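Derivation of every value follows stated rules applied to the coordinates shown; laboratory data play no part. Computed from a predicted model, the values in this text were never measured in an experiment. We place every Cβ from the backbone using ideal geometry, glycine too, and count neighbours over all the protein chains shown.
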Ligand SMILES: Cc1ncc(COP(=O)(O)O)c(C=O)c1O
């Protein structure tokens, strides 16, 4: 087929999947990236981040982006860009397994399923901690488990911005209350890290979950959950020694070494991350985060007005609420092209408020729910 026809076919096919601009994507954490980031990706799409001797400039974009992100989280400039939260979480637990020689990971039930996936791949045993009625992890049980498994522990995992409720889990409090034992913490801030870190100095108070907490050794953060085209994430590390643990022999590469768990990594990822730091910077991200949070508060207020049980006031732009006959409601919303997700909380569903979820989209959802709930 002639390429013009192929592109035309692809455009037509794409229109059959849910649209961001029409406000149809409500459950996914993916976003509709601005044109300049797609352009940034394109310029570096044909370079390989994992061939840093040849593609030196590409590598320098990664170094600068990681430094920028690391500074935002009070780190020391160490880490890698990744293809997202799953790769970052697997990498973190791999590095920490190599560091500690342990075999056990402790995480609350709120952890993203990529943590369970990572444990399976790395043959680690995951010990899950329950959540209280406020959906926060039970820190005293967590501390007892840390003490019980101290000699075999790889890491404790907490999430800054849980996938279902957007809760920033109390990393600082855990480390304060569970201080007389040696362990390290991996923070999965894939979704909420950027949001919480830039909103922190506004009217919202979040627990400290960054490298200022001395037991935090690794931190996942994604740009593609807020603004960038996927894939675009990072795993930030406390030290260069940890970077070495994810550096492997690669005999035919010019340096004889290769970083990260992947092989070829598109240079487009570095170009996108770098462009975000240059165009948006902290102030741009803050403006975006404030706007998304304001929309989430609006949606939660409107849902309450029609009698829907919103589980908690959104800290981050995720709105989770309960409805009777949840599965029937989800089906009905999907048939209206409002693609919302269920949660593991019984009877609940949630909206991730990305920049395509406007006030009008929120109104459309509320109006549909009002009709469906009768
Ligand atoms: C907290 C958290 N961690 C990790 C991930 C996995 O990210 P990805 O799908 O980019 O691999 C997600 C995805 O929603 C998430 O919410």
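Observations
- Approximating the spin labels as points 7 Å out from Cα along Cα→Cβ, the residue 287-to-residue 140 distance works out to 4.8 nm.
- Gain upon complete extension [residue 305, residue 64; 0.36 nm per residue less C-alpha separation]: 82.1 nm
- Stretched out straight at 0.36 nm per residue, the stretch from residue 76 to residue 294 would grow longer than its current Cα-Cα span by 75.2 nm.
- Exposure proxy ranking, count of Cβ atoms within 10 Å, fewest first, for 68, 3, 334, 274: 3, 334, 68, 274
- Taking a ≥ b ≥ c as the square roots of the eigenvalues of the alpha carbon gyration tensor, the stretch 94-136 is prolate, as a/c is not under 1.5 and a/b beats b/c.
- Sequence-separation-based contact order of the stretch 36-281, relative, with Cα cut under 8 Å and 6+ spacing, percent: 31 percent
- Backbone N under 11 Å from the residue 344 label point (7 Å along Cα→Cβ), restricted to the stretch 116-159: 116-117, 128-131
- For the pair residue 313 and residue 28, a Förster radius of 25 Å applied to the C-beta separation gives a FRET efficiency near 0.65, rounded to the nearest 0.05.
- Residues of the stretch 29-66 falling in the label zone of residue 278, defined by backbone nitrogen less than 17 Å from a point 7 Å along Cα to beta-carbon, are 34-47, 56-66.
- Rounded to 5, percent antiparallel among DSSP beta bridges of the chain: 60 percent
- Sum of -39500 (n - 2.57) over DSSP H runs of 4+, divided by residues of the chain (222 nm, nearest 500): -13000 deg cm²/dmol
- Over the stretch 96-204, volume per residue of the alpha carbon convex hull, in Å³: 107 Å³
- The orientation-averaged projection of the convex hull spanning the C-alpha atoms of the stretch 223-374 amounts to 12.4 square nanometres.
- Where the Cα pairs of the stretch 316-374 fall when distances are cut into 5 Å bins, in %: 4, 18, 32, 29, 15, 3
- Förster-model FRET efficiency, 45 Å R0, residue 250 and residue 14, C-beta, rounded to 0.05: 0.80
- Note on residue 327 and residue 151: the model spin-label points, each 7 Å out from Cα along the C-beta direction, lie 4.7 nm apart.
- FRET efficiency for residue 262 and residue 335, using Cβ-Cβ distance with R0 set to 45 Å, rounded to 0.05: 0.70
- Calculated on C-alpha atoms, the gyration radius of the stretch 197-254 divided by its Kirkwood radius gives an Rg/Rh of 1.10.
- Computing Rg and the Kirkwood Rh from the Cα coordinates of the stretch 1-119 gives a ratio, Rg/Rh, of 1.05.
- Once the chain from residue 204 to residue 113 is taken as fully extended at 0.36 nm per residue, the excess over their C-alpha distance is 30.0 nm.
- The Rg/Rh ratio of the stretch 36-281, with both radii computed over alpha carbons and Rh defined as the Kirkwood radius, is 0.97.
- Relative packing of 232-240, 303-311, which averages over residues the other C-beta atoms within 10 Å, highest first: 232-240, 303-311
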